[in-house]
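Structure first, commentary second.
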Amino acid sequence: MVDAAMRVSHRERDQAVEILRAAAGDGRLTGAELEERVEAALAARTVGDLRELTADLPWEGMPPQPREVLRIDQRFGEGRRTGRWRVPRRMEVRLMFSNLKLDFTEAVLGHGTLDIAVDLRIGGNLTLITPPGVVVDADGITKSRGEIKLPPVPGPETPTHLRIFLTGTSTGGDITARPPRRLPWPRKAKPRAGGER
């Protein structure tokens, strides 16, 4: 048995955060509980601190730890990461005459930040689908061609679950971050006044 007073590492804090997020995804924690516990987990100093935050949650079925670095070197065609994909600490993306979409709507977040180093050549376009709580910072991009389109920075009332920091160069590609597109619910036809004609 590990001593509860033993100091925890960054990796152990990240693992606890992933357990909390998986539990919230299963409906075991409310949004407010998740935010409170994640904040406490990131500030935890000892094993005992983390145990208190996850003692009432199952460890079974926890997503495996994400890779430290995910490299994507793509020329021509379309690429995407959608659904429940595991977000690493860092990504290295090189695109030329191709489009890559990274959808964070259902992504499994193991960390609070993601560094993406990009090398966008002619025709290399990167699209980020960012639900509420995902913020993109593109101040580290050196651009000679192409466009960078980011949504407005959310207000303090919106909790931030993931910060994405973009660095690197764009010499001919576009970078777009946008919220998910939701299809409208089908509307039921309203009955006409006076009955059918």
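Determine which single condition Gly172 fails, assuming it passes every other condition in (1) at pLDDT below 90; (2) within 30 Å of Arg37 (Cα to Cα).
Gly172 satisfies every listed condition except (2).
Quick one: what pairs do we get from the stretch 157-168, first residue closer than 17 Å to Thr105 by Cβ, second acidic (Asp, Glu), C-beta under 6 Å, 6+ apart or different chains?
Matching pairs, first to second residue: Pro159/Glu35.
Given (1) assigned to a strand (DSSP E or B); (2) open to solvent by less than 40 Å² (accessible area, probe 1.4 Å), identify the lone condition not met by Gly155.
Gly155 satisfies every listed condition except (1).
Which numbered condition in (1) part of a strand (DSSP E or B); (2) under 16 Å from the mean Cα position of the chain (by Cα) is the only one that Thr160 fails?
(1)
Looking at (1) open to solvent by 20 Å² or more (accessible area, probe 1.4 Å); (2) farther than 22 Å from Leu150 by Cβ, which is the only condition Leu57 fails?
(1)
Please enumerate the residues belonging to the stretch 113-126 that are assigned to a strand (DSSP E or B) and surrounded by 17 or more Cβ atoms within 10 Å (Cβ to Cβ).
Residues of the stretch 113-126 that are assigned to a strand (DSSP E or B), as a first pass: 113-120, 124-126.
Matches in the stretch 113-126: Leu114, Asp115, Ile116, Ala117, Val118, Leu120, Gly124, Asn125, Leu126.
Being assigned to a strand (DSSP E or B) and either on the phi > 0 side of the Ramachandran plot or open to solvent by 10 Å² or more (accessible area, probe 1.4 Å) (or both) is the filter here; which residues of the stretch 83-112 pass it?
Restricting attention to the stretch 83-112, the residues satisfying the condition of being assigned to a strand (DSSP E or B) are 86-87, 90-103, 108-109.
Correct list: Arg86, Arg90, Glu92, Arg94, Met96, Phe97, Asn99, Lys101, Asp103, Val108, Leu109.
What pairs come up if the first residue lies in the stretch 130-143 and is touching a residue at least 60 places away in the same chain (Cβ under 8 Å) and polar (S, T, N, Q), the second is open to solvent by 40 Å² or more (accessible area, probe 1.4 Å) and part of a strand (DSSP E or B), and their beta carbons are under 8 Å apart, counting only those six or more places apart or on different chains?
Qualifying pairs under 8 Å: none.
Considering Arg81, Arg90, Arg45, Arg11, which residue is at pLDDT 85 or above and farther than 28 Å from Pro179 by Cβ? Explain how you work it out, then say what you get.
Working: Arg81 fails: farther than 28 Å from Pro179 by Cβ; Arg90 fails: farther than 28 Å from Pro179 by Cβ; Arg11 fails: at pLDDT 85 or above.
Result: Arg45 is the single residue among Arg81, Arg90, Arg45, Arg11 that is at pLDDT 85 or above and farther than 28 Å from Pro179 by Cβ.
Kindly provide the set of residues from the stretch 13-46 that are over 20 Å from Ala107 (Cβ atoms) and crowded, with 17+ Cβ neighbours inside 10 Å, ordered by number.
Matches in the stretch 13-46: Ala44 only.
The values are calculated or read from the model by the stated rules, or taken from the named source; none is laboratory data. Since the structure is predicted, the reported quantities are computational estimates derived from the model, not experimental observations. For neighbour counting, all protein chains shown are included, and Cβ atoms are generated from backbone atoms with ideal geometry for every residue, glycine included. In case anyone asks, the SASA skips ligands and DNA or RNA and just uses the protein heavy atoms, side chains included. Shrake-Rupley method; radii C 1.70, N 1.55, O 1.52, S 1.80 Å.
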